[in-house]
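Here is the structure we will look at.
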Amino acid sequence: MTSWLSWPVLAAWAVLALACAAWTIRDLRHDNAFLGGIMKVAWVLTVLYSGPLGLLVYVYSGRGQIRRDSLWRRSFRSVAHCYSGCGLGEILGVLVLMGLLAISGWPVNLATFALAYVIGFGFTLGPLMQSGEPFWVALKDSVVAESLSITAMEASALAVNTGLAGGAGIGEPLFWAALVVSLTVGLLVAYPVNVLLIRFGIKEGMHNPKHMMEHGHHGH
C-alpha cells in the first residue's frame, strides 16, 4: 500500500466519495424523500465511508425504485444501518485516541469498540422508540438484533486498521488510508452476518423502500 499511496491519491478518493455522497443526498431529497430521517443519514454516511461501493449498496437496496425486494437487499439495508453508526464510532475513536493523542494498541481498540457499540445501538434504538416501543423494550431489541453484527464489523475493521496503519500518525497518508480500508472491510464482513441474522429471524431487517414509497404516494 505504501508504494503507491500519497496525498494526491487520498485527495482523489475524497473527491470521488464526496461526489457519490452528493448524488446520494440529491436522490434522497428528490426521489426518495419518503425515507425516514435516520435512514437518510445512514445512507449518506455509508456512501461517505465507502465511496462507490457504498453508492452501489444504496442504489441496489435502499431506493424506492428497486424492482423487487429480497433477502440480499434487506441485508444490505440492515448492514448499512449498523455500518453508519459503528463507522462513526470507529472514526471518532481512531481520530481522537490514535491520531490526536498518539495512543496505540488495545486501549484504542477497546475505546473505539465501545464507541461503535453506543452509536451503533443509537441508530437502531432511535427508530424503534419513534415507532412506539418503550425504551427498555427497544434497548433489548437493539442488543439482540445488533450485537453480532457490530462485533463482526468492529473486530474485523479494528484488526485491519491496526495491521495496516501500524504506528502511522495523523499527518501520514497511511493513517487515513488504513481507516478507509478498515471501514469497508467491516462492511463486507458484517454483510453475511446480517444475511444469516435475517434468514433465521433474529433480525427483522429494514422495510422495503418500494412499499414505503407507494404508501407515501397513496397518502398524498
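When all C-alpha to C-alpha distances in the chain are sorted into bins of 5 Å, what percent of pairs does each bin hold, rounded to whole numbers?
Result, from short to long distances: 1, 7, 14, 18, 19, 16, 11, 7, 4, 1, 0, 0 percent.
How about the stretch 10-44: which trypsin sites (Lys or Arg not before Pro) there are in a DSSP loop, with at most 11 other Cβ atoms within 10 Å of their Cβ? Please report the intermediate quantities before stating the final value.
Numbers: sites: 26, 29, 40; in loops: none.
Here no trypsin sites (Lys or Arg not before Pro) fit, given the DSSP loop and packing criteria.
So what's the Cα pair-distance distribution over the stretch 37-94, bin width 10 Å, in %?
Percent of Cα pairs in each bin: 25, 55, 17, 3.
Roughly how big is the chain's charge dipole about its Cα centre, with Cβ charges of +1 (Lys, Arg) and -1 (Asp, Glu), in debye to the nearest 20? Numbers along the way, then the final one.
Working: 13 positive and 11 negative charges, 115 e Å.
Computed about the Cα centre, the dipole is about 560 debye.
Given charges of +1 on the Cβ of Lys and Arg and -1 on the Cβ of Asp and Glu, with all other atoms neutral, how large is the dipole of the stretch 1-131 about its Cα centre, in debye to the nearest 20?
On the way: 9 positive and 4 negative charges, 93 e Å.
Approximately 440 debye in magnitude.
May I ask which residue of 212, 166, 156 lies farthest towards the positive end of the charge dipole of the stretch 119-220, with charges of +1 (Lys, Arg) and -1 (Asp, Glu) on Cβ and the Cα centre as origin?
212
For residue 106 and residue 72 in one chain, what is 0.36 nm times their gap in residues minus the Cα-Cα distance, to one decimal in nm? Working shown, then result.
Numbers: separation 34, 0.36 × 34 = 12.24 nm, distance 3.44 nm.
Length gained between residue 106 and residue 72: 8.8 nm.
Please list, by residue number, every one of the chymotrypsin sites (Phe, Trp or Tyr not before Pro) in the stretch 122-220 that is coil in DSSP and has at most 15 other beta-carbon atoms within 10 Å. Present the calculation step by step, with values, prior to reporting the outcome.
On the way: sites: 123, 135, 136, 175, 176, 200; in loops: 200.
Here the chymotrypsin sites (Phe, Trp or Tyr not before Pro) that fit, given the DSSP loop and packing criteria, are 200.
Can you work out the accessible area per residue across the chain, with the rest of the protein chains kept in place, probe 1.4 Å, in square angstrom? Working shown, then result.
On the way: 10890 Å² over 220 residues.
Normalised by residue count, the accessible surface of the chain is 50 Å².
Based on the alpha carbon coordinates of the stretch 1-127, what radius of gyration and maximum Cα-Cα distance (Dmax) apply, in Å?
16.2, 49
Which value at 222 nm does the chain reach when only helices count, each DSSP H run of 4 or more adding -39,500 (n - 2.57), with the total divided by all residues and rounded to the nearest 500 deg cm²/dmol?
Details: 7 runs with 166 residues, N = 220.
About -26500 deg cm²/dmol.
Please list, short to long, the whole-number percent of alpha-carbon pairs of the stretch 138-186 in consecutive 10 angstrom bins beginning at zero.
That works out to 28, 38, 21, 13, 1, in percent per bin.
Residues with beta-carbon under 13 Å from that of residue 186, excluding residue 186: net charge, scoring Lys, Arg +1 and Asp, Glu -1?
Values: positive: none; negative: 90, 154.
The answer is -2.
Per-residue accessible area for residue 4 at 1.4 Å probe radius, Å² rounded to 10?
150
Average the reciprocal distances over every distinct pair of alpha-carbons in the stretch 150-220, invert the result, and give the Kirkwood radius in Å. Show your work: numbers first, answer last.
Details: mean 1/r = 0.0685 Å⁻¹.
With all distinct Cα pairs of the stretch 150-220 included, I get 14.6 Å.
Can you give me the relative contact order of the chain as a percent, contacts being Cα pairs under 8 Å and 6 or more apart?
Details: 273 pairs, mean separation 56.8, N = 220.
Across the chain, relative contact order equals 26 percent.
When you take every Cα atom in the stretch 64-145, what is the radius of gyration, and what is Dmax, the widest Cα pair distance, in Å?
15.8, 49
From Cα coordinates alone, what are the radius of gyration and Dmax values for the stretch 83-197 in angstrom?
So, for the stretch 83-197, Rg and Dmax equal 14.8, 47 Å respectively.
Just name one of 192, 122, 132: the one whose Cα is farthest towards the positive end of the charge dipole of the stretch 101-220 (beta-carbon charges, Lys/Arg +1, Asp/Glu -1).
Towards the positive end, the residue furthest out is 192.
In whole percent, and with a 1.4 Å probe on the protein chains, what portion of the accessible area of the chain is carbon and sulfur? Write out the running numbers ahead of the final one.
Details: 7640 of 10890 Å².
Of all accessible area on the chain, carbon and sulfur atoms account for 70 percent.
The values are calculated or read from the model by the stated rules, or taken from the named source; none is laboratory data. Here the structure is a predicted model, which means the values were calculated and not measured. All Cβ positions, glycine included, derive from the backbone under ideal geometry; neighbour counts span all protein chains shown. All accessible areas refer to the heavy atoms of the entire protein, side chains included, with ligands and DNA or RNA removed. Shrake-Rupley method; radii C 1.70, N 1.55, O 1.52, S 1.80 Å.
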